[in-house]
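Report on the following structure.
The values are calculated or read from the model by the stated rules, or taken from the named source; none is laboratory data. Computed from a predicted structure; not experimentally measured. Cβ placement follows ideal geometry from the backbone for every residue including glycine, while neighbour counts extend to all protein chains displayed. Just so you know, the surface numbers come from the protein's heavy atoms only, side chains and all, with ligands and any DNA or RNA stripped out. Shrake-Rupley method; radii C 1.70, N 1.55, O 1.52, S 1.80 Å.
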Amino acid sequence: MIEDELTLFDKSINEFGNKFKNTLSDVPCHMVGPRDAYKDSIKALSEKLSVKLKEEERMVEMYMEYQNLVCRQNKLIQEKKDNLLKLIAEVKSKKQELEVLTTNIQDLKEEYSRKKETISTANKANEERLKRLQKSAHLYKDRLGLEIRKIHGDKLQFIFTGIDPKHPESPFMFSLRLNEAREYEVSDSAPHLERLAEFQENVRKTNNFSAFLANVRKAFTAMVYN
């Protein structure tokens, strides 16, 4: 816009100068001096206007360059902003994943702690029951001719003697342990008892271990007399 106005002004000056020049062509000689002085002033003015116009054009160019630079800077800033927002979103996502993972780990730790405590309680209970069985060993030995031994696999071996009158020292035995469900599990009877599984089921239901031992001894005794 500035460039157009200056061009129009320069054109008007030139037209005025041309008209004035034609007018002065018929002026008498004594007017030639002032006319030439005026022409020189007009020329100087035109040159100044031309220089001014070039300066304005340079200013416009510099302004446009500045505008382009600002646009490029704004574009770079927007790209950096978008990258930063993307990075923030990724960090938030990772943070949420980390929080979920931390929660899961904590839950697993708590579950492991509960299971460990449950197992520890069960083991203590099993140990107490085994201790009670071992404490009763002397009583059973005196009354039933029974010896109790701890063998491999956390099992107790029950050995009856005095069952066979012809061979009082002959052993009649079976093994017993407490499984993970804290139930009696009977195995390895010698000689083999057909009703051993039945006796095991009864002692699990009644928890009457003395009756269980008595029934096993009776079964062994019946084998001898049959």
| message | Every residue in segment 168-177 that is over 30 Å from Thr118 (Cβ atoms) and open to solvent by less than 50 Å² (accessible area, probe 1.4 Å), please. | response | Ser170, Phe172, Met173
| Mind checking which residues of segment 188-225 are modelled with pLDDT of 90 or more, of a type in the set (Ser, Thr, Tyr) and under 23 Å from Asp164 (Cβ atoms)? | Ser189, Thr221
| request: Take Val224 and decide whether it is within 51 Å of the chain's Cα centre (by Cα) and surrounded by 13 or more Cβ atoms within 10 Å (Cβ to Cβ). | output: no
| Count - residues of segment 184-211 that are assigned to a helix (DSSP H, G or I) and touching a Ser or Thr at 6+ places or on another chain (Cβ under 8 Å) | 1
| task | Restrict the check to segment 58-74 and report whether at least one residue is surrounded by 10 or more Cβ atoms within 10 Å (Cβ to Cβ), on the phi < 0 side of the Ramachandran plot and touching a helix residue (DSSP H, G or I) at 6+ places or on another chain (Cβ under 9 Å). | result | yes
| task | Residue by residue through segment 197-220, note down the ones that are closer than 15 Å to Ile159 by Cα, crowded, with 16+ Cβ neighbours inside 10 Å and among the aliphatic types (A, V, I, L, M). | result | Leu213, Val216, Ala219
| said: Among the residues in segment 34-52, are any modelled with pLDDT under 75, surrounded by 10 or more Cβ atoms within 10 Å (Cβ to Cβ), of a type in the set (A, V, I, L, M, F, W, C) and part of a helix (DSSP H, G or I)? | reply: yes
| Are any of the residues in segment 162-178 in contact with a Pro (Cβ under 6 Å, 6 or more places away or on another chain) and more than 27 Å from Ala122 (Cβ to Cβ)? | yes
| message | Which numbered condition in (1) among the charged types (D, E, K, R); (2) outside any loop (DSSP other than H, G, I, E, B); (3) surrounded by fewer than 13 Cβ atoms within 10 Å (Cβ to Cβ); (4) within 50 Å of the chain's Cα centre (by Cα) is the only one that Glu180 fails? | response | (2)
